[in-house]
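As structure tokens, the structure follows; a few thoughts come after it.
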Amino acid sequence: EADLVESLLRESGGTAVLDAGCGTGRVAIELADRGLAVVGVDADPGMLASAQAKAPGLDWIEADLADLGAALPGDFDLILLAGNVMIFLEPGSERRVLAGLATRLRPAGLLVAGFSVRPRRLSVDRYDELAAEACLVPVARWATWDRRPFTGGDYAVSVHRRAG
């Protein structure tokens, strides 16, 4: 995930990353080690405590992605939703999450989400509909974090850009 994020930022510019649903900070810490300005946010205080213990110098914020409000400092060049975050959200909150995150992207900022495509879960078509409602336009979709082409398999990495 970190390799893809770093390469996307090299291509599009920017250094500010929000790791949304950061868990124990695995990806956020790797991105920070590569020189990016990273903020991690997660609703689970136990996971955040683990992230804080590993990297006390990073910004770790406890917040629900569906109700970020003023919890986040500033805007971001890229927002990352790795580790199946989208399918672990409270069912029905996906629209609010994407809409709220889209408002935290800088102009032309990227939202990158990787998740398993499973029956009776969020489909890529539904994800694209919700992203469009949040004024996010599709840029790319891959089957893996190393940009293997997506051909309708069971995992998708989707990249959308803030419109306007």
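Under a Cβ-Cβ cut-off of 11 Å, what is the net charge of the residues other than residue 44 that fall near it, where Lys and Arg count +1 and Asp and Glu count -1?
Its environment carries a net charge of -3.
Starting from the 7 Å offset along Cα-to-Cβ, what nm value, one decimal, do you get for the label separation of residue 62 and residue 148?
3.9
Taking the chain as the reference, fit the longest principal axis to its C-alpha atoms, fit the long axis of helix 2-12 to the helix C-alpha atoms, and give the angle between the two in degrees, 0 to 90, nearest 10.
80
Return the FRET efficiency for the residue pair residue 155, residue 50: r is the Cβ-Cβ distance, R0 is 30 Å, and the value is rounded to the nearest 0.05. Please list the in-between numbers first.
Details: r = 25 Å, r/R0 = 0.84.
So, using R0 = 30 Å, E works out to roughly 0.75.
In nm, to one decimal, how far is the residue 95 label point from the residue 12 one, both placed 7 Å along Cα→Cβ?
Between residue 95 and residue 12, the label points sit 2.4 nm apart.
Once you list every other residue whose beta carbon is under 12 Å from the beta carbon of residue 71, what net charge do they have if Lys and Arg are +1 and Asp and Glu are -1?
Values: positive: 104; negative: 42, 59, 62, 64, 67.
With Lys, Arg at +1 and Asp, Glu at -1, the neighbours total -4.
Can you give the accessible area of residue 88, probe radius 1.4 Å, in Å² rounded to 10?
140
Which Cα, out of 29, 153, 40, lies furthest along the positive dipole direction of the chain (beta carbon charges, K/R +1, D/E -1)?
Sorting the options by dipole projection puts first 153.
Just checking my list (i) 47, 36, 25; (ii) 40, 33, 29; (iii) 38, 35, 33 against Cα extents along the principal axes in Å computed from this structure; which label fits?
Working out Cα extents along the principal axes in Å from the coordinates points to (ii).
Taking all protein chains as present, what is the carbon and sulfur share of the accessible area of the stretch 1-148, in % to the nearest whole number, probe 1.4 Å?
Working: 3470 of 6850 Å².
In the stretch 1-148, the share of accessible area belonging to carbon and sulfur is 51 percent.
With the other protein chains left in place, how much accessible area per residue, in square angstrom, belongs to the stretch 58-159 at a 1.4 angstrom probe? Don't skip to the answer; put the middle values down first.
Working: 4940 Å² over 102 residues.
Accessible area per residue: 48 Å².
Could you work out the local net charge near residue 10, counting Lys and Arg as +1, Asp and Glu as -1, over the other residues with Cβ closer than 14 Å to its Cβ?
On the way: positive: 34, 147; negative: 3, 6, 11, 77.
Combined, the nearby Lys, Arg, Asp and Glu give -2.
What is the dipole size for the stretch 83-155, taken about its Cα centre, with +1 at each Lys and Arg Cβ and -1 at each Asp and Glu Cβ, in debye to the nearest 20?
120
Mind putting a number on the dipole of the chain about its Cα centre? Charges go on the C-beta only, +1 for Lys and Arg and -1 for Asp and Glu, and I need it in Debye to the nearest 20.
The calculation lands at about 360 debye.
Find the accessible area per residue for the stretch 1-45; the probe is 1.4 Å, ligands and nucleic acids are left out, and the unit is Å².
Details: 1750 Å² over 45 residues.
Per-residue accessible area for the stretch 1-45 comes out at 39 Å².
Please list, in chain and number order, the residues 5+ apart from residue 63 or on another chain whose amide H is under 5 Å from its amide H, with Hs placed from the backbone.
Placed amide hydrogens put 42, 43 under 5 Å from residue 63.
Multiplying the sequence separation of residue 106 and residue 118 by 0.36 nm and subtracting their Cα-Cα distance, what value in nm do you get?
Separation in residues times 0.36 nm, less the Cα-Cα distance, equals 1.2 nm.
The values are calculated or read from the model by the stated rules, or taken from the named source; none is laboratory data. This is a predicted model, so every value here is computed, not measured. Note that each Cβ is placed from the backbone with ideal geometry, even for glycine, and that neighbours are counted across all protein chains shown. When the accessible area is computed, the model is the full protein with side chains, heavy atoms only, and any ligands, DNA or RNA have been set aside. Shrake-Rupley method; radii C 1.70, N 1.55, O 1.52, S 1.80 Å.
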